[in-house]
Structure formats: C-alpha cells, structure tokens
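The values are calculated or read from the model by the stated rules, or taken from the named source; none is laboratory data. Please read all numbers here as calculations on a predicted model, not as lab measurements. Cβ: placed from backbone, ideal geometry, glycine included. Neighbour counts: every protein chain shown.
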Amino acid sequence: MHVFLTGEIQVGKTTVIAKTIQGLKMSYGGFKTYFGKDRECDDRFLYLNSVLEPNNIDDQNRIVEFRKDQFPLVSTQKFDSDGVRLIKEARSHADLIVMDECGNLENEAIAFQDEILAALDQDKPILGVIKLASSGWTDLIRNHKNVTLITVTKENREQLPEILVRHFSKKN
C-alpha cells in the first residue's frame, strides 16, 4: 500500500518523510521539491532534485518561478524530463519510491503525471506528499485504490515516522 501525506503548508510533511526514510532499512529513490532561502519572498523559485541528493539551489534544478502579482511560470518540460527520470530510476533500482510533493503546478506535465500514476499501479511502495489545496490530476492520486492518505498535523507529526517505518517494514 502506498502512503501519501497531506496537510497545511510547513506543518512538517517533508520532515516526516526524512525521519521515516532514516528509520527504514531499505533503499529509496525518487524526487523532492523545495524552495531556497527566499521561500517567504514574493519573488522566489521552486526546485526539483533527487531525494538522494542535498538541496541544490541552481538554475538546472529550477522548475517554477514565482513573481509577485503573476501566475507561476512552470517548467513543464523539466517535470516531464527530470521528474520522469527520477521516478523511473526509483522504480527500477529502489525498494521505496519517494514523491515529495505532487500538486497543481504539474497540471500540464502529462508525462510526469503518467509516470506517477503508473507507479501507483505497481506493488513497489511509495511514500509521497500531495498538496492539501490541490485538485484535478492530484485527485487521481488521492482517490487511487492503492493509496492511503494521512493528514499531518502538529499533534501527530512526531509519531508518524515510527508508524510509517513499521508500515513499510512489514511490506519489505
């Protein structure tokens, strides 16, 4: 069974994933998205990288540009190339696939969506994050028969890594 976390912004979803994979005795791969130090600024960037690598704030990992009073400028091509490549690598070489995070920014990234949905139909476990305020293609994840959705809160975020380690350890 795949597990996707959801919850308010900055509640600790990525931290829950980091603590969970630290506690697992299995290989993992996949993708993560992250902001730089400019997260709170009106003008900022979102980056995509392998979950196996440290956050790298450079142009090659930049996937979305946010500007004040403008729609986000999304690099759909990078989702469809780099994102797909990272998922495929995890599907073929890892015991656990990490997807942090899926949301509305990928609405036009059809190859990326297709790769995620194909992974959901497989037995290889997935630990992911789905944006709370998202709809459209992400509803296909949210409502997938193989997905359990867990809402991360301030009250449960400290207990979740241990629960998830037990869950994924039983599957391995």
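The set of residues in segment 34-67 being polar (S, T, N, Q) and either over 18 Å from the mean Cα position of the chain (by Cα) or over 25 Å from residue 160 (Cα atoms) (or both) consists of 56, 60, 61.
Based on what the data block shows, is residue 11 assigned to a strand (DSSP E or B), of a type in the set (A, V, I, L, M) and at pLDDT 95 or above?
No; evaluated as a whole, the condition is false for this residue.
Residue count for segment 15-62 satisfying the condition of being under 21 Å from residue 157 (Cβ atoms), in a loop (DSSP other than H, G, I, E, B) and touching a residue at least 40 places away in the same chain (Cβ under 8 Å): 2. For residue 115, the requirement of being farther than 26 Å from residue 35 by Cβ, part of a helix (DSSP H, G or I), among the acidic types (Asp, Glu) and out of contact with any Pro (no Cβ under 9 Å at 6 or more places or on another chain) is not met. Against the condition part of a helix (DSSP H, G or I), in contact (Cβ under 8 Å) with a residue 60 or more places away in the chain and under 24 Å from residue 9 (Cβ atoms), how does residue 163 come out, does it pass? Criteria not met by residue 163. Condition (residue is surrounded by 14 or more Cβ atoms within 10 Å (Cβ to Cβ) and part of a loop (DSSP other than H, G, I, E, B)) applied to segment 77-88: is it met by at least one residue? Among the residues of segment 77-88, not one is surrounded by 14 or more Cβ atoms within 10 Å (Cβ to Cβ) and part of a loop (DSSP other than H, G, I, E, B), which makes the answer no. The set of residues from segment 28-63 being in contact with a helix residue (DSSP H, G or I) (Cβ under 7 Å, 6 or more places away or on another chain) and either polar (S, T, N, Q) or over 18 Å from residue 87 (Cβ atoms) (or both) comprises 49, 50. The residue pairs whose first member lies in segment 133-159 and is closer than 13 Å to residue 113 by Cα, whose second member is of a type in the set (D, E, K, R), and whose beta carbons are closer than 8 Å, counting only pairs six or more residues apart or on different chains, are 137/106; 138/131.
List every residue pair whose Cβ atoms lie under 7 Å apart, where the two residues are 6 or more positions apart in sequence or sit on different chains, the first residue falls within segment 104-120 and is without any contact (Cβ under 8 Å) to a residue 60 or more places away in the chain and under 16 Å from residue 89 (Cα atoms), and the second residue, located anywhere, is part of a loop (DSSP other than H, G, I, E, B) and among the aromatic types (Phe, Trp, Tyr). Note: pairs meeting the criteria are 113/137. For segment 16-33, enumerate the residues that are under 12 Å from the mean Cα position of the chain (by Cα) and surrounded by fewer than 17 Cβ atoms within 10 Å (Cβ to Cβ). Within segment 16-33, 18 is the sole residue that qualifies.
Each residue in segment 120-146 was checked for being surrounded by 21 or more Cβ atoms within 10 Å (Cβ to Cβ) and assigned to a helix (DSSP H, G or I), and 2 pass. Would you confirm whether or not segment 90-99 contains a residue that is modelled with pLDDT of 95 or more and assigned to a loop (DSSP other than H, G, I, E, B)? Scanning segment 90-99 turns up at least one residue that is modelled with pLDDT of 95 or more and assigned to a loop (DSSP other than H, G, I, E, B).
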